[in-house]
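The values are calculated or read from the model by the stated rules, or taken from the named source; none is laboratory data. Everything numeric in this text was worked out from a predicted model, so none of it was measured. In this analysis, Cβ positions are derived from the backbone assuming ideal geometry, glycine residues included, and neighbour counts consider all displayed protein chains.
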Amino acid sequence: MSLPPKRFALGSQQSAETLELAAVKGRSLWDDARRRLVRNRAAMASIIVLGLLLLVAILGPLLAPFPYDQVNKTDTWAAPLQQGHVLGADALGRDLLSRIMVGLGVSLLVGVVATFVSLVIGVAWGATAGYIGGRVDELMMRIVDVLYSLPFIFFVILLMVVFGRNFILLFLAIGAVEWLTMARIVRGQTMSLKEKEFVEAARAAGVSGFGIVARHIVPNLLGPVVVYITLTIPGVILAESFLSFLGLGVQPPMASLGTLVSYGASYMELTPWLLIFPAITMVVTLMCFNFIGDGLRDAIDPKDR
Amino acid sequence: MLRFLLRRLAIAVPTLFLVVTLSFFMMRLAPGNPFQGDRKLTPEIEKAVNAKYGLDKPLAVQYVKYLGDVIHGDFGPSLKYRDKTVVEIIGQGLPKSLTLGGCALLLGTVLGMAMGTAAALRQNRGADYLATTVAIVGVCIPTFVTAPVLVLIFGSRLGWLPIAGWGNGAPRYLILPVIVMALPLVAIIARLTRAGMIEVLRSNYVRTARAKGLSESAIVLRHALRGAVLPLVSFLGPASAGMMTGSLIVEQVFNLPGLGKNFVMSASQRDYTLVMGVVILYATLILVMNLVADMIYALLDPRVKLS
């Protein structure tokens with residue numbers, strides 16, 4: 001089969017363009033980074049596995065063999081592969097596989113949303129402090145220092161005890177803890193970026209301070225920020241599961257990986273599958289993020305390899 | 001040095017103030033009160049009890065009074081354990097938490113540094129990949145999974161070690177909790193040491209040591225390790241604080257009468273004074289740990305000026 005002429009022409013035009021660009025620009029930093037990342041087998045495998053897990057989490061409600069909260073009185077403590085429960089069932093006869101699917105989704109959602117909260121606050125705060133510098137920087141970073149030395153997990157626990165087990169509050173509380181490190185990273189990067197020629201050029205061209213931060217500084221922060229994001233998400237998932245273990249996280253019949261693992265841990269002697277399967281799901285998810293984060297760091301900043 | 005200490009003090013004071021203020025108002029905004037127990041108090045008794053502890057005054061007045069008391073080192077009586085002061089309760093719990101945390105910190109640091117160094121010396125070979133993988137897995141398995149699993153294996157099935165309890169501090173009772181707390185630490189420290197070691201092994205002063213004809217072990221132990229532990233030191237400050245939060249879980253699982261357990265219980269029982277006492281103590285410990293870490297850092301690396 002021959003290619004349609006038009007598409008062929010477009011293709012050749014494109015490759016000519018790339019060639020021309022390559023002649024001028026050489027390989028960009030990001031091309032190099034991508035090449036290094038693709039060569040990192042652990043990271044690539046993690047990306048694939050995580051993609052699959054994400055798909056399962058999103059399609060969970062459609063694929064799940066049972067509704068996650070359906071109580072089946074005849075199936076209590078069903079072992080894996082019994083009575084149609086692939087991974088077994090819990091004390092109320094709820095299907096474990098369905099609950100893991102929902103729990104995975106909830107955990108990923110908590111991880112992503114809380115990380116996004118920390119990203120927005122952290123980047124805005126850090127870039128502002130780093131760009132303005134001087135007294136303002138001093139004050140803003142002092143505030144970060146002060147907040148940094150707060151025993152935050154205690155305040156999260158207090159929050160949960162005080163205001164009840166509120167789902168949205170959980171996102172906000174964890175996100176509010178994580179933004180501090182982000183702010184520090186971003187500030188450091190901004191301080192070195194603002195001395196670069198392209199920022200000077202923008203300033204000479206009359207771009208406003210806000211414009212420079214938004215258009216020139218923030219896009220150039222991407223590297224370290226992306227790495228930090230991939231390492232924050234698993235941290236948040238762990239934090240949520242930690243709270244769930246103390247009974248302060250997501251409330252039943254809703255499930256997260258943390259609630260499932262801690263539920264399983266309490267019945268481990270008699271029904272080990274209730275611990276094993278959620279724990280494996282959780283560990284695999286967290287490992288994927290960690291491998292991807294490590295891979296990205298090595299790819300963007302290959303100093304340590 | 002003096003300037004450095006003053007600057008740290010300038011952070012410590014507002015931090016502690018914020019800690020006291022936040023925890024005070026959060027606890028008071030919580031629904032319920034410490035005297036809601038199994039039996040219902042008559043309104044008269046409740047009023048009398050509230051008056052006794054000064055809980056009937058306006059919140060602002062209570063806050064100012066509490067602030068003044070804390071500055072004088074008086075954390076008040078526990079509202080739940082009526083015959084004990086907060087300081088007494090903390091005095092009972094703290095040594096236990098410190099023992100646990102200290103042992104775990106020591107074990108984690110020694111093991112992690114050994115693993116990280118070994119991995120760095122065999123970079124990108126089998127042993128390195130093994131160590132790196134173990135390190136990543138170690139970070140990903142939460143303590144509340146390792147704890148019950150180890151209890152099941154070594155406690156219930158094999159019967160080698162006690163399942164739970166403090167046992168008057170007998171070492172047998174400490175083994176499992178300490179291992180559980182140390183595991184994530186081993187993982188992180190191994191990673192940090194490996195990264196630091198790889199960088200240092202390429203540095204000029206290590207090359208000089210090699211050129212002098214020193215043995216490999218002298219190079220690693222005397223010269224490289226000192227530079228490689230630098231990132232570790234700044235991590236260990238916050239990490240020792242993390243040990244305390246780690247103890248929240250471990251003390252729960254192993255039923256140990258430490259501070260972490262005090263905190264969780266007192267928060268749900270609305271024991272205002274005890275909660276605040278524990279939080280203030282933790283915040284102070286974090287501040288002190290960070291200060292110590294920075295000072296050790298400057299001691300190890302003469303290039304760093306404390307400012």
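For region A:162-175, a residue qualifies if it is within 12 Å of chain B (Cβ to nearest Cβ), surrounded by fewer than 20 Cβ atoms within 10 Å (Cβ to Cβ) and part of a helix (DSSP H, G or I), and the qualifying residues are A:Val162, A:Phe163. Among all residues of region A:110-120, there is at least one that is in contact with a Pro (Cβ under 9 Å, 6 or more places away or on another chain), within 14 Å of another protein chain (Cβ to nearest Cβ) and under 30 Å from A:Trp273 (Cα atoms).
You will find that of B:Met265, B:Met243, B:Met295, the residue that is free of Cβ contacts under 8 Å to residues at least 12 places away in the same chain, more than 8 Å from every other protein chain (Cβ to nearest Cβ) and under 28 Å from B:Ile163 (Cα atoms) is B:Met265 and no other.
A residue that is out of contact with any Phe, Trp or Tyr (no Cβ under 7 Å at 6 or more places or on another chain) and more than 18 Å from A:Val156 (Cα to Cα) can be found somewhere in region A:236-252. Of everything listed in (1) within 30 Å of B:Asn50 (Cβ to Cβ); (2) assigned to a helix (DSSP H, G or I); (3) out of contact with any Gly (no Cβ under 9 Å at 6 or more places or on another chain), the single unmet condition for B:Leu94 is (3).
Quick grid of which residues meet (1) exposed (fewer than 15 other Cβ atoms within 10 Å of the Cβ); (2) small (Gly, Ala, Ser); (3) touching a residue at least 12 places away in the same chain (Cβ under 8 Å):
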| residue | (1), (2), (3) |
| --- | --- |
| A:Ser46 | no, yes, yes |
| A:Leu63 | yes, no, yes |
| A:Asp95 | no, no, yes |
| A:Val110 | no, no, yes |
| A:Thr115 | no, no, yes |
| A:Ser118 | no, yes, yes |
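The C-beta contact set for region B:125-152 (first residue more than 8 Å from every other protein chain (Cβ to nearest Cβ), second residue buried (at least 18 other Cβ atoms within 10 Å of the Cβ) and modelled with pLDDT under 80, distance under 8 angstrom, 6+ apart or interchain) comprises B:Thr143/B:Gly246.
Just one of the numbered conditions (1) touching a Phe, Trp or Tyr at 6+ places or on another chain (Cβ under 7 Å); (2) at pLDDT 85 or above; (3) of a type in the set (Lys, Arg) is not true of A:Lys194: (2). Residues satisfying the criterion are absent from region A:269-285 (criterion: within 11 Å of chain B (Cβ to nearest Cβ), of a type in the set (D, E, K, R), out of contact with any Phe, Trp or Tyr (no Cβ under 8 Å at 6 or more places or on another chain) and buried (at least 24 other Cβ atoms within 10 Å of the Cβ)). Restricted to region B:201-307, the set of helices (runs of 4 or more DSSP H) holding at least 2 residues that are buried (at least 22 other Cβ atoms within 10 Å of the Cβ) comprises B:230-253, B:259-268, B:272-300.
Picking from residues in region B:108-124 that are more than 12 Å from chain A (Cβ to nearest Cβ) and of a type in the set (S, T, N, Q), the one that is surrounded by the most Cβ atoms within 10 Å (Cβ to Cβ) is B:Thr117. Per the conditions (1) within 14 Å of chain B (Cβ to nearest Cβ); (2) not in a helix (DSSP H, G or I), the sole criterion not satisfied by A:Glu195 is (1). Checked against the criterion of being without any contact (Cβ under 8 Å) to a residue 60 or more places away in the chain and outside any helix (DSSP H, G or I), the candidates A:Leu150, A:Leu159 yield just one match: A:Leu150.
B:Lys84 meets all of the listed conditions (1) loosely packed, with under 14 Cβ neighbours inside 10 Å; (2) over 24 Å from the mean Cα position of the chain (by Cα) but one, namely (1).
Scan region B:93-121 residue by residue and report those that are of a type in the set (Gly, Ala, Ser) and within 26 Å of B:Ala195 (Cβ to Cβ).
Passing the criteria: B:Gly101, B:Gly102, B:Ala104, B:Gly108, B:Gly112, B:Ala114, B:Gly116, B:Ala118, B:Ala119, B:Ala120.
Quick test for you: out of B:Pro14, B:Pro34, pick the one residue that is modelled with pLDDT under 80 and within 14 Å of chain A (Cβ to nearest Cβ). Exactly one residue qualifies, and that residue is B:Pro34.
Is it the case that some residue within region B:234-246 is β-branched (Val, Ile, Thr), closer than 21 Å to A:Leu180 by Cβ and at pLDDT below 80? Yes, region B:234-246 contains a residue that is β-branched (Val, Ile, Thr), closer than 21 Å to A:Leu180 by Cβ and at pLDDT below 80. Counting residues in region B:174-189 that are of a type in the set (Val, Ile, Thr), within 13 Å of chain A (Cβ to nearest Cβ) and closer than 21 Å to A:Glu269 by Cβ gives one or more.
Taking (1) in contact with a helix residue (DSSP H, G or I) (Cβ under 8 Å, 6 or more places away or on another chain); (2) over 26 Å from B:Ser234 (Cα atoms); (3) more than 14 Å from chain A (Cβ to nearest Cβ); (4) not charged (D, E, K, R) in turn, B:Ala211 satisfies each apart from (1). Suppose the filter is more than 25 Å from B:Ala218 (Cα to Cα) and either of a type in the set (Val, Ile, Thr) or touching a residue at least 40 places away in the same chain (Cβ under 8 Å) (or both); does B:Ile189 pass it? So B:Ile189 fails the test. Residues in region A:244-268 that are surrounded by 24 or more Cβ atoms within 10 Å (Cβ to Cβ), touching a residue at least 40 places away in the same chain (Cβ under 8 Å) and within 12 Å of chain B (Cβ to nearest Cβ): A:Gly249, A:Leu257, A:Gly258, A:Thr259, A:Leu260. Determine whether region A:210-217 contains at least one residue that is of a type in the set (Lys, Arg), within 14 Å of chain B (Cβ to nearest Cβ) and more than 30 Å from A:Ser98 (Cβ to Cβ). No, every residue in region A:210-217 fails to be of a type in the set (Lys, Arg), within 14 Å of chain B (Cβ to nearest Cβ) and more than 30 Å from A:Ser98 (Cβ to Cβ).
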